[in-house]
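Report on the structure given below.
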Amino acid sequence: MEFVVISLLNGISFGMILFLLTIGLSLTLGLMGIVNLAHGALFMVGAYVGWTVAIQLGLNYWLALLLGGIAAGLIGLAVERGFLRHLYMLTNEQVMLTIGFIYILTNLSLWVWGGLPRAPFVASALSGSFPILGGEYPVHRMTTIGIGLILVIALWWLQEKTRFGAIVRAGMDDKEMTIGLGVNLERVTYLVFFLGAFMAGIAGIIGAQMLGVNLDMGWDILLLALIVLVVGGMGSIQGALLGAMVIGTINAFGIALFPEFAMFLMYLVMIVILLVKPTGLMPRGV
Amino acid sequence: MGVTKLKPVGQPWHGQLIRFAPYIVIGAILIILPLFLSPYVQGVLLTKILIFAIFAMSLDLILGYTGLFSLGHAAFFGVGGYTTGILITRFGVDTFWLTAPLSILMATLFAAVFGFIALRVSGLYFLMVTFALGQLLFAVAWQWFRMTGGAFGLKGIPPPNLGIPWLTFNDTSLYYFVLLIFIICYFLLYRIVNSPFGYALRGIREDEPRMRALGYNIWLYKYIAFIIAGLFAGIGGVLFAHWNMLISPRHLGVVTSSLGLFYVIIGGAGTLFGPVIGSAVVIGIEYGASLYTPERGPLILGTLFVIVVMFLRGGISPHLANLWRKVVKYSYGSVKD
Amino acid sequence: MEALKIEGLSKNFGGVQAVKDVSFTVQAGERLAIIGPNGAGKTTLFNLLNGQESATAGRIYLFGQEITNMPTHRRAHLGQGRSFQLISLFPKLTVLDNALLAVQGTKPSSFQLLRPITAYKHLFTNAQELLETMALWEKRDDVVQALGYGEQRRLEIALSLASEPKLLLLDEPTSGLTAAESADIITMIRNLGPNITVVVVAHDMDLVFGLANRIMVLHYGQIIADGTPEEIQADSRVKEIYLGIEEGTGNAGAS
């Protein structure tokens, strides 16, 4: 029983990180039709910046979180404004461009931070564990779940209950009409993009608590995000959350039960979903 | 990409020669070049370029001609290489006439399975799936230490054993062997892309609903193209294993697959020769970087790629082709091209 | 001999019913025009006939064979040809290449891998005949992108004829053409002969009244009138629907 609960908590906390990472990609992709495969690289950069602020400079962890997110957000925004904007509707070109940026960002990170991976790091307030069901469970994992939940609710509120969210949804459904109604859709697009990239950066720092930081993350994290998208469906918060939870839990139980094959379990789930329900469990519109 | 024009049968012979002149010239250069270069350069550079040119051309078949964006094509390259490596180092089968066909067969089988799964979806999803499938294979190679040597891979793969007693391979002879296979592959792929099947692929790339209305079974074409591409990638993998003498998981994974994309796009997709040029350019840059700024190679490549995508749509080779046409026009007055 | 039979065909898009319980039959050799205001469901109906959309309910029979769930390419092999409202050509290829691709679609040689396409003489002959029917043979080496709009429209129709269809579906074949160009197309379609059944979706009343021996009026996804041109012209409901858009279309009929 204790094993199940621990694994479940592990799965949910890891799933939260996946959600934070994927939601930005899902929104820019599913909502705005813009492909940004450099998303995983943004996760990595956020984590590196966070590490620099929190560990190398020894500053406040929450400041690190913020700065890492902003760094990622700004880079993402720069890529969009400088490059992706000119490739409107050219999906293949966007794919290629952002792959090029994975190479660029990864190599720049190598240049700045060197090739040694960074160990997982946690806020001092969050280190330590608390007792649960006779065992001990890390505080930072619980807070990850907490932060994740807060952000889920915040995002949902943003999408459903605010004018901003309405504009985004309208812009997705009928771009010309929205612009015709006098809405500054471009500004909103930048904001959504920044937000998605920002979330990726934050996810990177929170993820660093479990994963550390290394240079392979550009591709590795992207792959995870894509699996989550395939499983959960694109363009919706519910889809990203569902996919993230499914993959996170499967991963956690897999690692606990048969560690060498945990990876394969995720691939298997993805393949099954593809063969049975290619659009994912909860894509936009469902 | 690029305009195709069918020349009516019965053109004067010197017209035909003009068309083939570039091939003859380049072929001659490729054959004579080793005399001027050190074996080291041949071995390191030229042979590598040719091997990856085969890989790139195979990717171009599905990417440039059919419009399928795959991020997992190295899987078949790797399967070809690993099968050769496993047969030789784990099972002691060392005759090329057995290991090569078996390796190519394996690559083709994997392409048949992966293609079936991946073609359930299209567009970006297709990209994601091919990516994931490639990484799946990467993970298998990484974990299965007994068979694949795990993270270290398989070492000590000897040059091909053709069963010819007086033939032992050195850098130069291996180069010529690879060149021969490259020429055969190029010839075959050239026939394929200019066949009715190849034209159908181009149509599919341009306008799928139109092709369906014309009676084409789109899925079947894509599937067959995918399998053929896997086959040729496997050939590249076999040569790679013999040349590199080592095969490791990263030759199956996304890094190699994305490099393949670089070769094709920088060189020019949909032009069969473009990927060859792309391979030369990229590998040349990697080599140059290793001499002067060893750490910054990927940065340079990534930047070049971004530049090509943003400003040089269609890659380098259409510009070269235009240049060639201008040269020809200049020397022959106007040749109806 | 029934070329086409539709029973209870419906198509839902989310909450919108684009086609509502449509049933009709087309006899071989007929010239049927389907008209109706924008959004009446005409192109959706065509997409259902062609297989681009799958029906929510109902059945479709082509020359007696049920094709309701048959994929598009197989319908082409059964004798269906279709032209598109939005010109769907292969812009970077030449006119001849386009014709060759089209002609090859229903032939087994389309899977040939190793011989160059130039080796297949019969494809060239077919393509030549096709292009000559549409007066495009002289332009055969021109890249489609460089053609004028009228010529592209003619090629669009030529492609739909490539498989020697028995049932031809033409979606707005004269859309965007001048009166003179339209007249040419109308003549070409008239010359197709009795062995081919033609169903046309159109707004162009010259085309409709110049070509059709039967007209069907679609409104909000339902058939509201079906008869000879004279009957339709006299139909008061039809007039009501069209009065609102008479100014918009080029020639909205005599009455």
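Numbers for the structure displayed
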quantity: Of all residues in the stretch C:81-128 being more than 8 Å from chain B (Cβ to nearest Cβ) and surrounded by 24 or more Cβ atoms within 10 Å (Cβ to Cβ), the one that is nearest to C:Lys139 (Cα to Cα); calculated: C:Val95
quantity: Residue, farthest from the other protein chains (Cβ to nearest Cβ), within the stretch A:60-88, restricted to residues that are in contact (Cβ under 8 Å) with a residue 12 or more places away in the chain and of a type outside the set (A, V, I, L, M, F, W, C); calculated: A:Tyr61
quantity: The stretch C:19-39, subset in contact with a Phe, Trp or Tyr (Cβ under 9 Å, 6 or more places away or on another chain) and farther than 22 Å from C:Ile189 by Cβ, residue modelled with the highest pLDDT; calculated: C:Lys20
quantity: Candidates B:Phe126, B:Phe197, B:Phe145, B:Phe152, filtered to the one that is in contact with a helix residue (DSSP H, G or I) (Cβ under 9 Å, 6 or more places away or on another chain) and in contact (Cβ under 8 Å) with a residue 60 or more places away in the chain; calculated: B:Phe152
quantity: Identity of the residue in the stretch C:148-183, charged (D, E, K, R) and in contact with a helix residue (DSSP H, G or I) (Cβ under 6 Å, 6 or more places away or on another chain), that ends up surrounded by the fewest Cβ atoms within 10 Å (Cβ to Cβ); calculated: C:Glu181
quantity: Selection count, the stretch B:75-93, where residues are among the hydrophobic types (A, V, I, L, M, F, W, C) and without any contact (Cβ under 8 Å) to a residue 24 or more places away in the chain; calculated: 3
quantity: Complete set of residues in the stretch C:56-80 that are crowded, with 20+ Cβ neighbours inside 10 Å and of a type in the set (A, V, I, L, M); calculated: C:Ile60, C:Leu62, C:Ile67, C:Ala76
quantity: Yes/no for B:Leu180 being surrounded by fewer than 18 Cβ atoms within 10 Å (Cβ to Cβ), part of a helix (DSSP H, G or I), of a type outside the set (Asp, Glu) and free of Cβ contacts under 8 Å to residues at least 60 places away in the same chain; calculated: yes
quantity: Residue match in the stretch C:146-157 (condition: assigned to a loop (DSSP other than H, G, I, E, B), free of Cβ contacts under 8 Å to residues at least 60 places away in the same chain, of a type outside the set (Asp, Glu) and more than 12 Å from chain B (Cβ to nearest Cβ)); calculated: yes
quantity: Residue check for A:Thr91: within 7 Å of chain B (Cβ to nearest Cβ), in contact (Cβ under 8 Å) with a residue 12 or more places away in the chain and among the polar types (S, T, N, Q); calculated: yes
quantity: Counted residues, the stretch A:108-119 - those being surrounded by 15 or more Cβ atoms within 10 Å (Cβ to Cβ) and assigned to a loop (DSSP other than H, G, I, E, B); calculated: 0
quantity: Residue in the stretch C:79-94 that is modelled with pLDDT of 90 or more and farther than 26 Å from C:Ala127 by Cα present; calculated: no
quantity: Candidate set from the stretch B:256-296 (those that are outside any helix (DSSP H, G or I) and at negative phi); member that is farthest from the other protein chains (Cβ to nearest Cβ); calculated: B:Thr271
quantity: Residue identified as within 23 Å of B:Pro298 (Cβ to Cβ), surrounded by fewer than 19 Cβ atoms within 10 Å (Cβ to Cβ), out of contact with any strand residue (DSSP E or B) (no Cβ under 9 Å at 6 or more places or on another chain) and at pLDDT 85 or above among A:Leu74, A:Leu37, A:Leu105, A:Leu63; calculated: A:Leu74
quantity: Selected residue (only one of A:Val79, A:Val4 is crowded, with 18+ Cβ neighbours inside 10 Å, out of contact with any Cys (no Cβ under 6 Å at 6 or more places or on another chain) and in a helix (DSSP H, G or I)); calculated: A:Val79
quantity: Among (1) within 21 Å of C:Lys5 (Cα to Cα); (2) assigned to a helix (DSSP H, G or I) - the single one C:Gln233 does not satisfy; calculated: (1)
quantity: Residue among C:Asp206, C:Asp142 that alone is farther than 24 Å from C:Gly8 by Cα, at pLDDT below 85 and of a type in the set (Asp, Glu); calculated: C:Asp206
quantity: Subset of the stretch B:145-167 that is surrounded by 15 or more Cβ atoms within 10 Å (Cβ to Cβ) and assigned to a loop (DSSP other than H, G, I, E, B) - its residue that is farthest from the chain's Cα centre (by Cα); calculated: B:Gly149
quantity: Residue check, B:Ala112 in a helix (DSSP H, G or I), more than 18 Å from B:His251 (Cα to Cα) and at pLDDT 90 or above; calculated: yes
quantity: Options B:Gly253, B:Gly315; residue that is in contact with a Ser or Thr (Cβ under 9 Å, 6 or more places away or on another chain) and within 14 Å of another protein chain (Cβ to nearest Cβ); calculated: B:Gly315
quantity: Tally, over the stretch B:117-139, of residues that are more than 7 Å from chain A (Cβ to nearest Cβ) and assigned to a loop (DSSP other than H, G, I, E, B); calculated: 2
quantity: Helices (runs of 4 or more DSSP H) contained in the stretch A:184-286 and holding at least 1 residues more than 12 Å from every other protein chain (Cβ to nearest Cβ) and under 18 Å from the mean Cα position of the chain (by Cα); calculated: A:185-211, A:217-232, A:237-257
quantity: Selection within the stretch A:94-126 - within 12 Å of chain B (Cβ to nearest Cβ) and hydroxyl-bearing (Ser, Thr, Tyr); calculated: A:Thr98, A:Tyr103, A:Thr106, A:Ser109
quantity: Qualifying residue in the stretch B:197-220 (condition: surrounded by 22 or more Cβ atoms within 10 Å (Cβ to Cβ), in contact with a strand residue (DSSP E or B) (Cβ under 6 Å, 6 or more places away or on another chain), of a type outside the set (Phe, Trp, Tyr) and not in a helix (DSSP H, G or I)); calculated: no
quantity: Candidates B:Gly85, B:Gly72, filtered to the one that is under 22 Å from B:Ala139 (Cα atoms), touching a helix residue (DSSP H, G or I) at 6+ places or on another chain (Cβ under 7 Å) and in a loop (DSSP other than H, G, I, E, B); calculated: B:Gly72
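The values are calculated or read from the model by the stated rules, or taken from the named source; none is laboratory data. If you're wondering where the values come from, they're calculated on a predicted model, not measured in any experiment. As a convention, Cβ positions derive from the backbone with ideal geometry for all residues, glycine included, and neighbour counts pool all protein chains shown.
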